[in-house]
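Have a look at the structure below before the remarks.
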Amino acid sequence: MTHGPRLLVVNPNTTRSMTEAIGRAAAAVAAPGTRIEAVSPADGPPSIEGYYDEAFSVPGLLAELRKGAAADAAILACFDDTGLDAARTVFDGPVVSIGEAAFHMASLVAGSFSVVTTLQRSVPAIEHNLVRYGLAARCRRVRASEVPVLALEDPASDAHQRVSEEIARALVEDRAEAIVLGCAGMADLAAELTREFRVPVIDGVSAAVKQAEALIALRLSTAKRGAYAAPLPKSYLGVLQSFAPASIAAE
Ligand code: 5HY
């Protein structure tokens, strides 16, 4: 069998069990022959909840992209689209992040959608991304289910119930026509929730896999002139020396 494209799926937090669940969700929708490699850094936060965690997850994310540079495309599996712009300056192939991918997919099937994410502190980053992607007008509201990221994989927690209750509120109060699940850890809930509410419930991991496959099939990749041009070679000091563009360029 001829090998299909290789997709590097990077979970920027350090929780292996979550990375494995993300890998399974990606493989479940990948085309026959597409190879999924799900990875996460050894260094950084176990979950990304807010700007501080986000800042410290980026070096690990960029290190994984460097190690996986041979892949045909990269998928960033954090709903805040953590490190997306920096990733596009250093990865040769297309880079698709699950937040942006889910918003575009929702816009293809509904006039409006609401997002249901984890904690309130994650809401502003998602709202900012919607504005910069030019999709804020399609989003009725970004809601928090107040479920911590890692509770999503704890079968003893009431995480699924709380996400479901927040979706029910979004459909009534926001008059949303579709729902976007606002965390990579919710990937395995989409099918069940779509059946429960009989509206499109979109998961970013599967949306990103299909968009990455489409970009590869169309031989499209990141424009490397302007904002996403390779970083200028220079040396970095201290603990981040190994991240210096100079050392990247030398590889
Ligand atoms: C995510 N955090 O998708 C985001 C969701 C959030 O560790 N994986 C994380 O709450 O911001």
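The values are calculated or read from the model by the stated rules, or taken from the named source; none is laboratory data. Note that the structure is predicted; figures quoted are calculated from it, not measured. All Cβ positions, glycine included, derive from the backbone under ideal geometry; neighbour counts span all protein chains shown. The area values use the complete protein model at the heavy-atom level, side chains included, leaving out ligands, DNA and RNA. Shrake-Rupley method; radii C 1.70, N 1.55, O 1.52, S 1.80 Å.
General observations
- A Gaussian network model of the chain, with springs between Cα atoms under 10 Å, assigns the largest mean-square fluctuation among GLU192, GLU146, GLU100 to GLU192.
- GNM top mover of THR222, THR14, THR117 - the chain, alpha-carbon springs below 10 Å: THR222
- The residues of the chain expose on average 47 square angstrom of accessible surface per residue, using a 1.4 Å probe on protein heavy atoms.
- With a simple spin-label model that places each label point 7 Å from the Cα along the Cα-to-Cβ direction, the separation between ARG225 and SER157 comes to 4.7 nm.
- Region 43-183 shape via C-alpha gyration tensor axes, a/c threshold 1.5: oblate
- Largest to smallest in accessible area, the residues SER235, SER122 fall in the order SER235, SER122 (1.4 Å probe, all protein chains included).
- With contacts taken as Cα pairs under 8 Å at a separation of at least 6 residues, region 63-221 carries a relative contact order of 29 percent.
- Here the simple spin-label model places points 7 Å from the Cα toward Cβ, and for GLU173 and ARG121 these points are separated by 2.2 nm.
- Prolate/oblate/rounded call for region 48-105, Cα gyration tensor, a/c under 1.5 rounded: oblate
- Choice from VAL29, VAL95, VAL205 showing the highest fluctuation, given a GNM over the chain with Cα pairs closer than 10 Å: VAL29
- Region 40-102-region 197-246 distance, computed between alpha-carbon centres (Å): 7 Å
- As a fraction of the 1.4 Å probe accessible area of the chain, surface on carbon and sulfur atoms comes out at 57 percent.
- Ranked by solvent-accessible area (1.4 Å probe, protein heavy atoms only, all chains present), the residues THR82, THR34 order from largest to smallest as THR34, THR82.
- The gain in end-to-end length when the LYS234 to ARG66 segment is fully stretched comes to 58.8 nm, 0.36 nm per residue minus the alpha carbon separation.
- Cα shape, region 1-124, gyration tensor, a/c 1.5 rule: oblate
- Helical mean residue ellipticity (222 nm; -39500 (n - 2.57) per DSSP H run of 4+; nearest 500) of the chain: -12500 deg cm²/dmol
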